[in-house]
Amino acid sequence: MSDLGLFMKQLIRRPHHVVALAPSSDDLARAMAAHLTPDTGRVVELGAGTGKLTRAILARGIAPRDLTVFETNPDFCDCLRARFPGITVHCAGAETAAGTVDPGIGAVISGLPLLSMQALTQMAIVGGAFRMLARAPPLRSSPTPTAPRSRRAWLRNLA
Ligand SMILES: C[S@@+](CC[C@H](N)C(=O)[O-])C[C@H]1O[C@@H](n2cnc3c(N)ncnc32)[C@H](O)[C@@H]1O
């Protein structure tokens, strides 16, 4: 089945989780992964879907063993495992990522529909992302209809 077909099927089954009508475009996926290099170290992707960003991340020279993804949809997880051998797929919420991976991550990339989530869930996910990172940014997230909160605002809310 095509990515669009997979997405539409899951969107009908789980509209509040998938949220988007289609996977990210190739251009968006490339732009989100553009800062990655083979020296970035371990990368965590949140809400991998059918793997549009996953493919772009690997194309930047990240070794599959250095990529860990969190995705809640079991059908998408099966698809990711089949498409990207060697990566680690956790069929689990992004909220669990910081408690699952070893700290010292080089980059976190999110394709999650953050603004459609409850504020507490948003804070758990974004706070967890900053805790996983070895150093300040880079945290990349899909464009959102309203401006995302600044890092300072997130940290103020987490304090
Ligand atoms: C808008 S889609 C983006 C998929 C993909 N990253 C892309 O750009 O094409 C959002 C994805 O996040 C997943 N998702 C939703 N809530 C999640 C959560 N709490 N933890 C992990 N994944 C989640 C959905 O199942 C869906 O695959």
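The values are calculated or read from the model by the stated rules, or taken from the named source; none is laboratory data. All values derive from a computational prediction rather than experimental measurement. Reconstructed Cβ throughout: ideal geometry from the backbone, glycine too, with neighbour counts over all protein chains shown.
The table below lists the values:
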item	result
Answer residue from segment 102-127, given it is without any contact (Cβ under 8 Å) to a residue 60 or more places away in the chain and closer than 11 Å to LEU46 by Cβ and is surrounded by the most Cβ atoms within 10 Å (Cβ to Cβ) among those	VAL126
Among (1) more than 21 Å from LYS9 (Cα to Cα); (2) surrounded by fewer than 20 Cβ atoms within 10 Å (Cβ to Cβ); (3) modelled with pLDDT of 95 or more, the one test that ALA94 misses	(2)
All positions within segment 13-59 that are hydrophobic (A, V, I, L, M, F, W, C), at pLDDT 80 or above and surrounded by fewer than 20 Cβ atoms within 10 Å (Cβ to Cβ)	LEU28, ALA31, ALA34, ALA59
Which listed residue is more than 21 Å from MET117 (Cβ to Cβ) and touching a residue at least 60 places away in the same chain (Cβ under 8 Å), from LEU58, LEU36	LEU36
Scan of segment 73-87 for residues that are in contact (Cβ under 8 Å) with a residue 12 or more places away in the chain and surrounded by fewer than 18 Cβ atoms within 10 Å (Cβ to Cβ), ordered by number	PRO74, ASP75, ARG83, PRO85, GLY86
